[in-house]
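Report on the following structure.
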Amino acid sequence: MVANRPIGVALLGLGNVGGGVVKLLHDNAAAIEARLGARIEVRTIVVRDPDKGQRVVDVDRSLLSTDFDRAICRDDIDIVCELMGGTTDAKRAVLAAIGAGKHVVTANKALLAEHGAEVFGAADAAGVDVYYEAAVCGGVPIIRVLREGLASDRVEALWGIVNGTSNYILSTMTESGRPFAEILKEAQALGYAEADPTLDIGGGDAAHKLAILVNLCFSMSVDVTAIAKDGIDGIDPIDLEYAEKFGYVVKPLVIARDHGHAIEARVHPALVPANWLLADVSGAKNAVYVQSYALGPSMYYGAGAGMLPTAMSVVSDIIEIGRNVFAHAAGAARPRPRPETPRRLLPLAEVRTKYYLRFGVLDKPGVLGQLMTVLGRHDVSIAQVVQAARSDGPVWVVVLTHDAKEGDVRAALAEIDTLPIVADRTRVIRIASGDPSKGAKS
Ligand SMILES: NC(=O)c1ccc[n+]([C@@H]2O[C@H](COP(=O)([O-])OP(=O)(O)OC[C@H]3O[C@@H](n4cnc5c(N)ncnc54)[C@H](OP(=O)(O)O)[C@@H]3O)[C@@H](O)[C@H]2O)c1
């Protein structure tokens, strides 16, 4: 076989992911060269501080610089890998790389969720490739599955656990019965959670990933700020206990569903039936469960972050672009499926699902009746009720509803929370629902 010329790469960032890319290109060099038919050479690496002491890998100091504009424009660079994070410099660098005719690999979900239309529009105009497998679920090749594996199929719905930090915290709370704040602190000490965990625990990171998934599944560009999201910080260990008693596990979910005229997309912790495959996705692991027209249910599971898993996705993207370069197919115009009519995001108030409601009420006769009356008046019907007397506070009444409209549930709770019998704000967790056979283990 005639060897192709090496592919020249500029790495922007040498942190966890950039360092992993250098390590993987070294450790798997022979296999990667055999698969691509060429060597991949990192020719320049841009960092903020070239004199930083401890790095995840040792690199030749002469490769390091702080000037990404110069690195991007070099003639010997085919592919620019943006692994810096953030949306300001990263956006400038990616658009500059595209403008310079370079192909781009990025792991940056925030950039693509917030500026994807601009980035892909620029790439189309410049005739270059932009690949982003690592941006959703790190090492799990969900982007490739949706773009290629299911290219002939039609996604009807998906449920995903796409934020490892939230999943780790909820899994540990479930196992230990300890409160959120304590587990978060522990996760930060172990390096599973950032010093500022807002994006992870508040659902912002998952919303970024969901925006990318919705775009791929339903050919629809969504404003990420319009995706309804709740974080996991309002979850109490007692709710995890009740969930278990009712046969559920609480998981940090992203949910998307095609309603034809509209697309449902939401991010929140949810009670997942214990017999669903997603109920077993614990710790920092990620998974996406896809329901599609032809294949039916399928699930993709693995490490959603970490140095080597994420680097694996980045390097696989480099290999794919390299193949495109040698096949003279890189940057070839790819038809993007467009829905016949533009669709809207289904407002949260119109979403129908089941609910877990925990009321904190006074221990008086007739209380249950009052709660049920208000719920009934708002078309919220009850599937199960449990009442627990407590020595140290209000009585808890825990209710599981049948399918109800979010707007109706919220209107009922707004009324209930002002009743004199209510001692504590009602806690609400949505229940993951759908065809019960979908997502089940057998
Ligand atoms: N970590 C994961 O497991 C994971 C998983 C999936 C996706 N991602 C995504 O991958 C990207 C990188 O994440 P990471 O964890 O590798 O981040 P990181 O460890 O913080 O590393 C960031 C790197 O970028 C450099 N950098 C940052 N801003 C820069 C700037 N303005 N100019 C030049 N260099 C700059 C830093 O330089 P210094 O070294 O000099 O500070 C550092 O080397 C992010 O978009 C992240 O969301 C990460």
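The values are calculated or read from the model by the stated rules, or taken from the named source; none is laboratory data. Because the structure is predicted, anything quoted here is derived from the model rather than measured. With ideal geometry, Cβ positions are generated from the backbone for all residues, glycine too; neighbour counts draw on all protein chains shown. Please note that ligands, DNA and RNA were not included when accessible areas were found on the heavy atoms of the full protein model with its side chains. Shrake-Rupley method; radii C 1.70, N 1.55, O 1.52, S 1.80 Å.
So which residues in the stretch 406-442 are acidic (Asp, Glu), modelled with pLDDT of 95 or more and over 26 Å from Arg390 (Cα atoms)?
Listed by number, the residues that qualify are Glu406, Asp408.
Does Ala93 fit the bill of being crowded, with 24+ Cβ neighbours inside 10 Å and within 11 Å of the ligand (Cβ to nearest atom)?
Yes.
Would you be able to say whether some residue in the stretch 22-44 is under 29 Å from the mean Cα position of the chain (by Cα), within 16 Å of the ligand (Cβ to nearest atom), open to solvent by less than 30 Å² (accessible area, probe 1.4 Å) and more than 20 Å from Ala135 (Cβ to Cβ)?
No.
Among the residues of the stretch 116-125, are any touching a helix residue (DSSP H, G or I) at 6+ places or on another chain (Cβ under 6 Å) and not aliphatic (A, V, I, L, M)?
no
How many residues are in a loop (DSSP other than H, G, I, E, B) and away from the ligand (no atom under 12 Å from the Cβ) when one looks only at the stretch 137-158?
The total comes to 6.
I need every pair where a residue in the stretch 224-241 that is among the β-branched types (Val, Ile, Thr) has its Cβ under 8 Å from the Cβ of a residue that is part of a helix (DSSP H, G or I) and open to solvent by 50 Å² or more (accessible area, probe 1.4 Å), sequence separation at least 6 or different chains.
Qualifying pairs under 8 Å: Val224/Glu114.
Of the residues in the stretch 101-121, how many are touching a strand residue (DSSP E or B) at 6+ places or on another chain (Cβ under 8 Å) and of a type in the set (Gly, Ala, Ser)?
Count: 1.
Go through the stretch 60-85 and report how many residues are surrounded by 11 or more Cβ atoms within 10 Å (Cβ to Cβ) and within 11 Å of the ligand (Cβ to nearest atom).
The number of residues fulfilling the criteria is 11.
What helices (runs of 4 or more DSSP H) completely inside the stretch 61-136 contain at least 3 residues that are within 25 Å of Thr225 (Cβ to Cβ)?
Per the criteria, 89-99, 109-126.
Go through the stretch 96-136 and report how many residues are open to solvent by less than 40 Å² (accessible area, probe 1.4 Å), out of contact with any Pro (no Cβ under 9 Å at 6 or more places or on another chain) and either within 13 Å of the ligand (Cβ to nearest atom) or of a type outside the set (Gly, Ala, Ser) (or both).
The number of residues fulfilling the criteria is 21.
Pick from Ala389, Ala412: which is among the small types (Gly, Ala, Ser), touching a residue at least 24 places away in the same chain (Cβ under 8 Å) and surrounded by 15 or more Cβ atoms within 10 Å (Cβ to Cβ)?
From the options Ala389, Ala412, the qualifying one is Ala412.
Return the residues of the stretch 250-297 that are without any contact (Cβ under 8 Å) to a residue 40 or more places away in the chain and in a strand (DSSP E or B); say none if nothing qualifies.
Within the stretch 250-297, just Gly296 meets the criteria.
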